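Novice: Structure below; questions to follow.
The values are calculated or read from the model by the stated rules, or taken from the named source; none is laboratory data. Fair warning: this is a prediction, and the values are worked out from it, not measured in the lab. Cβ: placed from backbone, ideal geometry, glycine included. Neighbour counts: every protein chain shown. Side chains included, ligands, DNA and RNA excluded: accessible areas come from the protein's heavy atoms. Shrake-Rupley method; radii C 1.70, N 1.55, O 1.52, S 1.80 Å.
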Amino acid sequence: MCRSIKRLREPHGQGHATDEEILEAARQFVRKVSGFGAPSARHAEAFEAAVEEVADSSKRLLETIDATLRSRA
């Protein structure tokens, strides 16, 4: 599954993925880590919380990289 996650940052400060693309990559990552293709109702809340946390962290990372690259230009 993780092999199909596309790169979310363009090289050389050319921007990064949309919020939707970041969320989908986070979902794929959490699927791989948890072993659930689709979590049961019993695990759905924890699964979705993990997806949001991974997406938020990924977005912060990409924004920080973009800001750093812009400040060097």
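Novice: Within segment 1-13, how many residues turn out to be touching a helix residue (DSSP H, G or I) at 6+ places or on another chain (Cβ under 9 Å), surrounded by fewer than 10 Cβ atoms within 10 Å (Cβ to Cβ) and either on the phi < 0 side of the Ramachandran plot or modelled with pLDDT of 80 or more (or both)?
Specialist: Initially, segment 1-13 is screened for residues touching a helix residue (DSSP H, G or I) at 6+ places or on another chain (Cβ under 9 Å), giving 1-2, 4-6, 8-9, 12-13.
Remaining after also requiring surrounded by fewer than 10 Cβ atoms within 10 Å (Cβ to Cβ): 4, 6, 12.
This time we only want the ones that are either on the phi < 0 side of the Ramachandran plot or modelled with pLDDT of 80 or more (or both), so: 4, 6.
The number of residues fulfilling the criteria is 2.
Novice: Residue pairs, Cβ under 8 Å, 6 or more apart or interchain, first in segment 28-57 and more than 20 Å from Leu8 (Cβ to Cβ), second surrounded by 13 or more Cβ atoms within 10 Å (Cβ to Cβ) and of a type in the set (S, T, N, Q). List them.
Specialist: Once the first residue is more than 20 Å from Leu8 (Cβ to Cβ) and sits in segment 28-57, its partners that are surrounded by 13 or more Cβ atoms within 10 Å (Cβ to Cβ) and of a type in the set (S, T, N, Q) give His43/Ser34; Phe47/Ser34.
Novice: Another question about this same structure. Does any residue of segment 29-48 turn out to be open to solvent by less than 40 Å² (accessible area, probe 1.4 Å) and within 15 Å of Lys6 (Cβ to Cβ)? Quick ask: steps written out before the conclusion?
Specialist: At the first step, the residues of segment 29-48 found to be open to solvent by less than 40 Å² (accessible area, probe 1.4 Å) are 30, 39, 44, 47.
Imposing the further condition that a residue be within 15 Å of Lys6 (Cβ to Cβ) reduces the set to none.
No; the residues of segment 29-48 include none that is open to solvent by less than 40 Å² (accessible area, probe 1.4 Å) and within 15 Å of Lys6 (Cβ to Cβ).
Novice: For segment 49-60, what are the residues that are closer than 26 Å to Gly37 by Cβ and open to solvent by 30 Å² or more (accessible area, probe 1.4 Å)? Talk me through it step by step, then tell me what you get.
Specialist: Quick first cut of segment 49-60, residues closer than 26 Å to Gly37 by Cβ only: 49-59.
Those that are closer than 26 Å to Gly37 by Cβ and open to solvent by 30 Å² or more (accessible area, probe 1.4 Å): Ala49, Ala50, Glu52, Glu53, Val54, Asp56, Ser57, Ser58, Lys59.
Novice: Looking at segment 12-19, can you tell me whether even one residue there is more than 29 Å from Arg72 (Cβ to Cβ) and hydroxyl-bearing (Ser, Thr, Tyr)? Talk me through it step by step, then tell me what you get.
Specialist: Within segment 12-19, the first condition is being more than 29 Å from Arg72 (Cβ to Cβ), and the residues that meet it are none.
Within segment 12-19, not a single residue is more than 29 Å from Arg72 (Cβ to Cβ) and hydroxyl-bearing (Ser, Thr, Tyr).
Novice: Name every residue in segment 32-60 that is aromatic (Phe, Trp, Tyr) and assigned to a helix (DSSP H, G or I), in order of residue number.
Specialist: Of segment 32-60, the ones aromatic (Phe, Trp, Tyr) are 36, 47.
Across segment 32-60, the qualifying residue is only Phe47.
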